[in-house]
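Take a look at the structure set out below.
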């Protein structure tokens, strides 16, 4: 498959996911749902066109968008400086249909920084230098494209949704992950945190893809605040994905 054709298929998978999750409804305590694949499609599309060529050896799988990352830029873990300066992506971003006042979307003009994304992309920059070198064999995907917010402004992770809503959502997300795995033919899926790893194991059962996990870089995790980059690097060296030693 040509690179152009593979990128077209990845973008089609994104549009299909966008459509399928937009048809879902969510109940309280969720009051606001952001879908960056709708209002931040332009930067997402540019990112896929620039770096999303197949195949990929390793796919890092995250959970869902953060309010100051993918919710602003359309790129998974999309900390603004990393996306603008390291990846060279800077596109116009719209607004979610129903915006929470404490979680505004201002796209690349946002002055907040997502710590998880800063840590993740910062590690890749330190390790590989340029984005082109990193993306030659690696890609980053979020399992779920939606950000869920309750009235207080607090994020709600997909695993905390009611069972019936969760099952409908996971069906859409599983299908998207399966399509991307078929397109990219990765040897490894690396879950960023336990939730993503569990969903990969369920969704990709019997596919032959190796699945492992790394610590999530969230500042809410005490372990992640104690040398996250070194711990993740050592883990990837230990399982044979990255060469060298610390």
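Taken as a whole, the structure leaves residue 217 outside the set of residues that are under 18 Å from the mean Cα position of the chain (by Cα), more than 30 Å from residue 101 (Cα to Cα) and either at pLDDT 95 or above or not in a helix (DSSP H, G or I) (or both).
Cβ-Cβ contacts under 8 Å between residues 6 or more apart (or on different chains), taken from a first residue in the stretch 110-130 that is on the phi > 0 side of the Ramachandran plot and at pLDDT 95 or above to a second residue that is surrounded by 15 or more Cβ atoms within 10 Å (Cβ to Cβ) and outside any helix (DSSP H, G or I), are absent. Would you check if residue 141 is surrounded by 15 or more Cβ atoms within 10 Å (Cβ to Cβ), under 24 Å from residue 13 (Cα atoms), at pLDDT 95 or above and in contact with a strand residue (DSSP E or B) (Cβ under 8 Å, 6 or more places away or on another chain)? When the stated conditions are applied, residue 141 passes them.
Among the residues of this structure, residue 228 does not count as one that is touching a residue at least 24 places away in the same chain (Cβ under 8 Å) and more than 20 Å from residue 69 (Cβ to Cβ). Residues of the stretch 111-159 that are within 13 Å of residue 75 (Cβ to Cβ) and not in a helix (DSSP H, G or I): 114, 139, 140, 141, 142, 145.
Only one of the numbered conditions (1) out of contact with any helix residue (DSSP H, G or I) (no Cβ under 7 Å at 6 or more places or on another chain); (2) without any contact (Cβ under 8 Å) to a residue 60 or more places away in the chain; (3) within 28 Å of residue 129 (Cα to Cα) is violated by residue 67, and that is (2). Scanning the stretch 94-110 for residues that are part of a helix (DSSP H, G or I) and either in contact with a strand residue (DSSP E or B) (Cβ under 9 Å, 6 or more places away or on another chain) or farther than 22 Å from residue 218 by Cα (or both) yields one hit, 109.
Considering only the stretch 28-49, state which residues are closer than 26 Å to residue 154 by Cα and touching a helix residue (DSSP H, G or I) at 6+ places or on another chain (Cβ under 7 Å).
If the condition is that a residue be closer than 26 Å to residue 154 by Cα and touching a helix residue (DSSP H, G or I) at 6+ places or on another chain (Cβ under 7 Å), then 34, 35, 36, 37, 38, 40, 43, 44 are the ones that fit.
Given the structure, is residue 107 under 27 Å from residue 150 (Cβ atoms), under 19 Å from the mean Cα position of the chain (by Cα) and surrounded by fewer than 24 Cβ atoms within 10 Å (Cβ to Cβ)? Against the criterion (under 27 Å from residue 150 (Cβ atoms), under 19 Å from the mean Cα position of the chain (by Cα) and surrounded by fewer than 24 Cβ atoms within 10 Å (Cβ to Cβ)), residue 107 qualifies.
There is no residue in the stretch 199-207 that is under 30 Å from residue 28 (Cβ atoms), free of Cβ contacts under 8 Å to residues at least 24 places away in the same chain and over 16 Å from the mean Cα position of the chain (by Cα). Among the conditions (1) in contact with a helix residue (DSSP H, G or I) (Cβ under 8 Å, 6 or more places away or on another chain); (2) buried (at least 20 other Cβ atoms within 10 Å of the Cβ); (3) at pLDDT 95 or above, the only one that residue 224 does not satisfy is (3).
On inspection, residue 235 fails the criterion of being closer than 24 Å to residue 178 by Cα, surrounded by fewer than 17 Cβ atoms within 10 Å (Cβ to Cβ) and without any contact (Cβ under 8 Å) to a residue 40 or more places away in the chain.
Residue 94 meets all of the listed conditions (1) touching a helix residue (DSSP H, G or I) at 6+ places or on another chain (Cβ under 7 Å); (2) within 23 Å of residue 242 (Cα to Cα); (3) touching a residue at least 24 places away in the same chain (Cβ under 8 Å) but one, namely (2).
The values are calculated or read from the model by the stated rules, or taken from the named source; none is laboratory data. Just so it is clear, the structure is predicted and the values come from calculations on it, not from any experiment. Here Cβ is always computed from backbone atoms with ideal geometry, including for glycine, and neighbour counts include all displayed protein chains.
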